[in-house]
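The values are calculated or read from the model by the stated rules, or taken from the named source; none is laboratory data. From a predicted model like this one, the values you see are computed outputs, not experimental measurements. Note that we place each Cβ from the backbone using ideal geometry, even for glycine, and neighbour counts take in every protein chain shown. Accessible surface areas use protein heavy atoms only, side chains included; no ligands, DNA or RNA. Shrake-Rupley method; radii C 1.70, N 1.55, O 1.52, S 1.80 Å.
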Amino acid sequence: MTDTADIPDATSVDLEWADAIIFSSPSRFDVMASQLKQFIDLQGGLWAAGKLANKAVTAMATAGNPHGGQEEVIQSIYTVMQHWSTIIVPTGYINQSTFAAGGNPYGTSATIGNEGNVVDAENIKPAVYDQAKRVTAVATALKNNL
């Protein structure tokens, strides 16, 4: 059993009420996993109704090796987010944690080892925290000013 086994899966209802959304996916041939793509594809009704527009969104990715397509995964998620009219919030280079975690300015990237654990977790965790903090701050600013 994993630490997240008791956390329910996200639903369309969650996307509708959320002001900020964080997507994360393992790399599958340099694109997001089919399970995430299917979830995104099911959001056509929310998209058509404009209920996903102006939400702050960021993305993260993992792969089995350091250059396993994580940046392409994040970019594939952001491509869809542009269609949704969301506000994409990349990590950029404003936090030192981005550099310590490998320097990906699009979103935090992690390598997963043979045992299923995050390699270099002590540097990845602060980058994830800073990315989540940034998307939350942007979402708050959007909500207060739109």
*Working carefully through the options Gly45, Gly64, find the one that is open to solvent by less than 60 Å² (accessible area, probe 1.4 Å) and more than 17 Å from the chain's Cα centre (by Cα).*
Gly45
*Looking at (1) more than 21 Å from Leu142 (Cα to Cα); (2) open to solvent by less than 20 Å² (accessible area, probe 1.4 Å), which is the one condition that is false for Phe99?*
(2)
_Options Val73, Val128: the member that is open to solvent by less than 20 Å² (accessible area, probe 1.4 Å), under 12 Å from the mean Cα position of the chain (by Cα) and within 16 Å of Ser24 (Cα to Cα)_ = Val73
*Can you find a residue in region 6-23 that is open to solvent by less than 60 Å² (accessible area, probe 1.4 Å), modelled with pLDDT of 95 or more, in a helix (DSSP H, G or I) and among the acidic types (Asp, Glu)?*
yes
*Residue list for region 5-19, filter: within 11 Å of Phe39 (Cα to Cα) and free of Cβ contacts under 8 Å to residues at least 12 places away in the same chain*: Asp9, Thr11
*When the residues of region 24-41 are filtered to those that are out of contact with any Ser or Thr (no Cβ under 7 Å at 6 or more places or on another chain) and open to solvent by 60 Å² or more (accessible area, probe 1.4 Å), which remaining residue is farthest from Thr86 (Cα to Cα)?*
Phe29
*Is there any pair with a first residue in region 49-75 that is farther than 24 Å from Lys143 by Cα and a second that is open to solvent by 40 Å² or more (accessible area, probe 1.4 Å) and among the acidic types (Asp, Glu) whose Cβ atoms are under 6 Å apart and which are 6 or more apart or on different chains, and what are they?*
Gly69/Asp30; Glu72/Asp30
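Checking the condition modelled with pLDDT of 95 or more, in contact with a Gly (Cβ under 7 Å, 6 or more places away or on another chain) and of a type outside the set (Ser, Thr, Tyr), which residue from Ile74, Ile112, Ile87, Ile40 passes? Give the steps one after another, and end with the answer.
Numbers: Ile112 fails: modelled with pLDDT of 95 or more; Ile87 fails: in contact with a Gly (Cβ under 7 Å, 6 or more places away or on another chain); Ile40 fails: in contact with a Gly (Cβ under 7 Å, 6 or more places away or on another chain).
Matching residue, one of Ile74, Ile112, Ile87, Ile40: Ile74.
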